[in-house]
1. Which shape class, rounded, prolate or oblate, goes with the range 56-95 when its Cα gyration tensor gives a ≥ b ≥ c as root eigenvalues, a/c under 1.5 marks rounded, and past that a/b bigger than b/c marks prolate?
2. Looking at the chain, identify the longest residue range that excludes and avoids all chymotrypsin sites (Phe, Trp or Tyr not before Pro) in DSSP loops having at most 14 other Cβ atoms within 10 Å.
3. What lysines sit close enough to Lys85 to cross-link, taking a C-alpha to C-alpha distance under 26 Å and skipping anything fewer than 8 places away on the same chain?
4. Give me the percent of the accessible area of the chain that comes from carbon and sulfur atoms, probe 1.4 Å, all protein chains in place.
5. Only bridges with both residues in the chain count here: give the DSSP antiparallel percent, nearest 5.
6. Which residue, His80, His34, His70, has the most motion in a Gaussian network model of the chain that connects Cα atoms within less than 10 Å?
7. How many angstrom lie between the Cα centre of the range 54-105 and the Cα centre of the range 34-50?
8. I'd like the GluC sites (Glu not before Pro) in the range 31-105 restricted to DSSP loop residues with at most 12 other Cβ atoms within 10 Å, sorted by number.
Amino acid sequence: DDMVQELMSRNVQFDGVIAGDDFQAFAAINFLTHAGINVPSDVAVAGFNNVPLSDFYMPALTSVDVNACHLGEKAFEILHERLEKKKRPSSYEFVKTEIIKRKSC
């Protein structure tokens, strides 16, 4: 909500907010609503992590589901391999994400 407040104080026109996580998105929706701005018709809001509360928030929050469980499994596999082999070349893994569309956009 700090960034939203900053943009509004500078009279910057915007029609969407993509927050770093769902709780930041909740704060942005709260701030916008208290400022008389309608979400989603005036400003759309989305977050990341798809926390269970996202479904029940008003309006229900559009969120990117980062598949945290699978992400944790991959991180553990990489860590375990590094500990076992003591050396592992740098690499990267892709974890499937999904946009969960709800009423905030």
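The values are calculated or read from the model by the stated rules, or taken from the named source; none is laboratory data. Note that the coordinates shown come from a computational prediction; the quantities given were computed from them, not determined experimentally. So basically every Cβ, Gly included, is an ideal-geometry build from the backbone, and we count neighbours across all protein chains shown. These accessible areas exclude ligands, DNA and RNA; they are computed on the full protein's heavy atoms, side chains included. Shrake-Rupley method; radii C 1.70, N 1.55, O 1.52, S 1.80 Å.
1. Prolate, because a/c is 1.5 or more and a/b exceeds b/c.
2. The answer is 15-55.
3. Lys74
4. 57 percent
5. Roughly 35 percent of the DSSP beta bridges within the chain come out antiparallel.
6. Judging by the Gaussian network model, the answer is His80.
7. First find each Cα centre; the distance between them is then 24 Å.
8. Filter output for the range 31-105: Glu93.
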